[in-house]
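Here's the structure we're looking at; comments come further down.
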Amino acid sequence: MVFRGRPSKACQRCRARRLKCDYRPDSCTPCLRAAVVCHGYRDPQAIRIVDQTEDARCKALLKWKPARLTEASLSVSIDVQARMVFFAHYVSVGSRGWDFLIRWERGTEMVPRWLDASIDAVSLALLAHHHVSAPLLTLARQRYALALRVMKQALSFPPTARDSLIAASLLLDLFEKITHTDASVIQFWPSHVNGTLALIQKIGVEHFQDHYSLRIMSRFLTNYIISCVASAHVVSNDVLILRDHLERHLNLKDDPKWKISGLTMQYASFLSAVQTGRWSLQDGMTRAQDLDQALLAISRDMPPEWQPDRRILRYPLPHVYGQEMDFYRDRHATQAWNVLRQVRIQLNEYLLDSYETLNAIHGGNQLAASEVALRNIAALSLEVYASVPQYASYACRPRCSQGQADGTDLSVVPQKGCNKVHTPSELLDCYTLLFPMYIAARSKAATVDQRQWASSMFRYISDHFGIRNALLLAQLLDQNSDISPWCIYAMLGGYGFAA
């Protein structure tokens, strides 16, 4: 209740007209002058109670002015943002191929200056690629130059810094792959990994014994083999020694991916010999057939948990070619299978070209052998297409995969035509499909229908997942461009994005 003051004892007429009542016993003077009946005076002790709640509320609201709140937020530097993106994509959530950096991320060890500068450079380069930002790329190149200077000084440090030096060297190589995606740079790909190899030789392979050191060596070996294949260079004997060291300490002899990487090294030597003309045509064909059979043997000996689960759909889906799709246990198994397939496709294409050359030179009939190679390419291409829906089509993802993705904090904003937030891991799933799809769609066994489907999938991945390089592949496929597959691999950023 609101106190409105003591009630007046004046008569009713004086109160209504706000006249001065003189309280005379019979009638007040204002009433006498007006010649009206005075109805008497009120008891001043009477208590008048009025519910003023609503009136008081309205008056208070009229007087209230909203307070102007200033935005309270902490600005995060671009370097910190870039590092968050890098660690999300490469260390903790996405590929985890660089998980050996986790000990420096968590602060369990002090980050050396050369490693810190290298992480800054590659993080900014990755952010510049995501946002297509020239200023960010310029800043990344400045940090790269700083990292090179610091690395040069660090080479005089004692062997206790060996892990961080090798990791920094690999990061600088990663920077090159992210920022230099021109097809012309493919011949210079091994430059950084050769420098890393020289550093490993200087330190000594025997000094790399603990878990993190061996993980760093595994990362180096993967990058080195891919660089040799892409640039058609022979694998160094020193790398073979390093590979034996890793096989013993990590017990990798029976690992399917390890077996495939061993044959991939042979494929690098094969490409080098073919490019330099070191072998005759017959020798090259024999080596290609032997390597193809070795890869086929690995595919037949894959353990059950690595085998894909084939599904036949009862009705067509736009993201499933031929209503057949395969489910794999994870991206790593899918990637291993597709590496095997794309190498076999290229080997069989080499055999097809060789058969045509033999027919032209000797006039022999190699039709039966050509048909076998063509059937191999067609079958391998269909297997590549069947691996796409599990990752590129959200509707086809296993329920557990969807739940894990939805519950992940680090994510990427939805892209055009997409109502779902994608995690770094899901983006990497799709990125690893691009090169095998392109190899299959541009092969000699690809039909017009397959090319159109692959082109539409590239455009869908570009729009839905925001992977710009997928659109580049769609355009190259539509133009029927005759570009070396490994030049295309360099244009995609190589292992810079599909680590």
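What to note about this one:
- Placing +1 on the Cβ of every Lys and Arg and -1 on the Cβ of every Asp and Glu, with nothing else charged, gives region 229-301 a dipole about its Cα centre of roughly 60 debye.
- Stokes-Einstein diffusion coefficient of region 250-295, Kirkwood radius over Cα pairs, 25 °C, 0.890 mPa s, in µm²/s: 214
- In this structure the amide hydrogen of residue 422, modeled in the peptide plane, comes within under 5 Å of the amide hydrogens of 412, none closer than 5 places in sequence on its chain.
- Shape class of region 105-264 from the Cα gyration tensor (axes a ≥ b ≥ c, square roots of the eigenvalues): oblate, since a/c reaches 1.5 or more and a/b does not exceed b/c.
- Under the Karplus curve 6.51 cos²θ - 1.76 cosθ + 1.60, θ = phi - 60°, whole-Hz ³J(HN,Hα) for region 328-340, x wherever Gly or Pro sits: 10, 5, 6, 5, 5, 5, 4, 5, 4, 4, 6, 4, 4
- Helix-only mean residue ellipticity at 222 nm for the chain, each DSSP H run of n ≥ 4 adding -39500 (n - 2.57), per residue, nearest 500: -19500 deg cm²/dmol
- Degrees, to the nearest 10: 190-203 long Cα axis against longest axis of the chain: 80
- For the Cα trace of the chain, dividing Rg by the Kirkwood Rh returns an Rg/Rh value of 1.37.
- Degrees between helix 53-63 axis and first principal axis of the chain (Cα, 0 to 90, nearest 10): 60
- Rounded to whole numbers, the Karplus 3J(HN,Hα) couplings from phi for region 377-386 are 4, 4, 5, 5, 5, 4, 5, 5, 4, 5 Hz, using 6.51 cos²θ - 1.76 cosθ + 1.60 with θ = phi - 60°, and x at Gly and Pro.
- Close amide H partners of residue 235, meaning residues 5 or more places away or on another chain with modelled amide H under 5 Å apart, are 269.
- Degrees between helix 424-441 axis and first principal axis of the chain (Cα, 0 to 90, nearest 10): 40
- Relative contact order of the chain, pairs being alpha-carbon contacts under 8 Å that are 6 or more residues apart, as %: 12
- Its Cα centre serving as origin, the chain has a Cβ charge dipole (Lys and Arg +1, Asp and Glu -1) of approximately 4180 debye.
- Legend: residue pairs 152/259; 257/444; 259/444; 152/177, Cα-Cα distance threshold 29 Å; pairs beyond threshold, 152/259.
- Relative packing of 9-18, 259-268, which averages over residues the other C-beta atoms within 10 Å, highest first: 259-268, 9-18
We did not get these values from a lab; they are worked out from the coordinates using the rules stated. Computed from a predicted structure; not experimentally measured. Quick reminder, even Gly has a Cβ in these numbers, built from the backbone with ideal geometry, and neighbours come from all protein chains shown.
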